[in-house]
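Step one of this worksheet: look at the structure below.
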Amino acid sequence: MFGECHAHIIMDGVNYRHAVDLHKNGPDEGAIREHLKAYQDRGITFVRDGGDALGVSLRTKQIAPEYGIDYRTPVFAIHKEGHYGSIVGKSFSNMKEFHLCVLKAKDKGADFIKIMTTGLLDFNDHGTVTGMPLSAEEVKEMIHIAHEEGMAVMSHTNGCYGVKAAVSAGVDSLEHGNYMDEECLDMLAENDTVWVPTLVTIRNLMGDGRYEDRVLRPIIETVEKNVRKAFARGVKIAPGSDAGAYRVLHGKGIQDEIEAFEEILGKEKKVYDWLAEGEAEIRRKFSRQ
């Protein structure tokens with residue numbers, strides 16, 4: 001069984017607001033244990049979290065060994081004020097404040113740093129991303145600061161500009177990476193960045209009614225083409241489902257993700273070996289030394 005390389009224990013895959021409300025007065029240990037049990041029941045022994053603003057992933061790190069789970073967390077994600085990211089972390093307004101956020105995460109026991117460099121997919125305008133991406137200069141400095149502190153960097157990033165900025169700056173893992181072009185894929189192939197495409201965050205919405213299937217299908221087809229191209233180029237890819245996101249359940253999410261890769265690339269040993277190599281890179285890079 002593969003590990004889960006992108007999850008959010010604070011979320012439940014059903015109702016974001018309800019899930020977060022459980023932790024408003026401190027991490028709800030019952031909810032945490034329920035999610036950890038879901039991984040344990042499926043034989044999943046590795047989980048990398050994307051962080052949260054309420055200390056839930058930090059508490060999970062303390063509990064996870066009871067379930068035989070190697071759990072890694074950034075404690076909280078870091079976003080620039082006025083940009084996407086408040087739901088999973090803390091903000092900064094300048095690089096001095098960003099550095100202080102890195103030091104705070106490190107002091108709390110973070111295994112790595114999570115940054116937010118772009119917004120989300122705009123479901124009303126195919127091919128675009130919400131909000132303004134951080135500048136390439138900002139992203140480069142953020143990654144440099146984290147690396148200087150001895151921390152690997154996980155980056156929530158979508159769109160060509162955001163991907164190129166993050167990869168050229170030496171980001172350790174690229175999360176989502178929707179709407180990449182050929183140049184983005186070439187850059188990934190030439191660098192050590194691991195791409196975690198979180199395929200099922202969109203695929204699992206098909207037929208749900210939240211968005212029309214005609215809106216979702218082009219997004220799915222675009223990322224499928226990029227996965228095939230990434231496979232052909234030898235891009236490093238690791239399986240992560242964004243478990244906790246709507247309709248992506250803990251434990252089951254990574255099984256759905258592997259099935260998505262099978263549908264795109266086939267049930268072949270070379271595909272599983274490729275994904276296993278990517279996961280091994282995540283385990284290696286995102287372990288605080």
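The values are calculated or read from the model by the stated rules, or taken from the named source; none is laboratory data. Not measured: the values here are computed from a predicted model. Virtual Cβ from ideal backbone geometry, glycine too; neighbours counted across all protein chains shown. What goes into the accessible areas is simple: the full protein's heavy atoms, side chains included, and nothing from ligands, DNA or RNA. Shrake-Rupley method; radii C 1.70, N 1.55, O 1.52, S 1.80 Å.
Our analysis of the chain gives Rg over Rh at 0.93, with the two radii drawn from alpha carbon positions and Rh computed by the Kirkwood formula. In plain terms, the chain from ASP208 to ASP122 could stretch by 29.2 nm, reckoned as 0.36 nm per residue minus the Cα-Cα distance. Of the whole protein surface, LEU22 contributes about 80 Å² of accessible area at a 1.4 Å probe radius. Ligands, DNA and RNA aside, MET95 has an accessible area near 50 Å² when probed at 1.4 Å.
Average accessible surface for the range 114-223: 39 Å² per residue, computed with a 1.4 Å probe over protein heavy atoms with every protein chain in place. Building the convex hull from the alpha-carbon atoms of the range 49-103 and averaging its projection over directions returns 3.8 nm². Amide H contacts under 5 Å for HIS176: VAL196, THR198, restricted to partners 5 or more places along the chain or on a different chain, H placed in the peptide plane at 1.01 Å from N. Ordered by 1.4 Å accessible area with all protein chains kept, ARG33, ARG247 run largest first as ARG247, ARG33. With all protein chains in place and ligands, DNA and RNA left out, the 1.4 Å accessible area ranks THR73, THR130 as THR130, THR73, largest first.
ILE282 exposes around 0 Å² of accessible area when a 1.4 Å probe is run over every protein chain in place. By the compact-protein rule of thumb, 2.2 N^0.38 Å, the alpha-carbon radius of gyration of the range 1-147 corresponds to a ratio of 1.09. Measuring nothing but alpha carbons in the range 147-217 and taking Rh as the Kirkwood radius, the Rg to Rh ratio lands at 1.08. Placing +1 on the Cβ of every Lys and Arg and -1 on the Cβ of every Asp and Glu, with nothing else charged, gives the range 197-248 a dipole about its Cα centre of roughly 280 debye.
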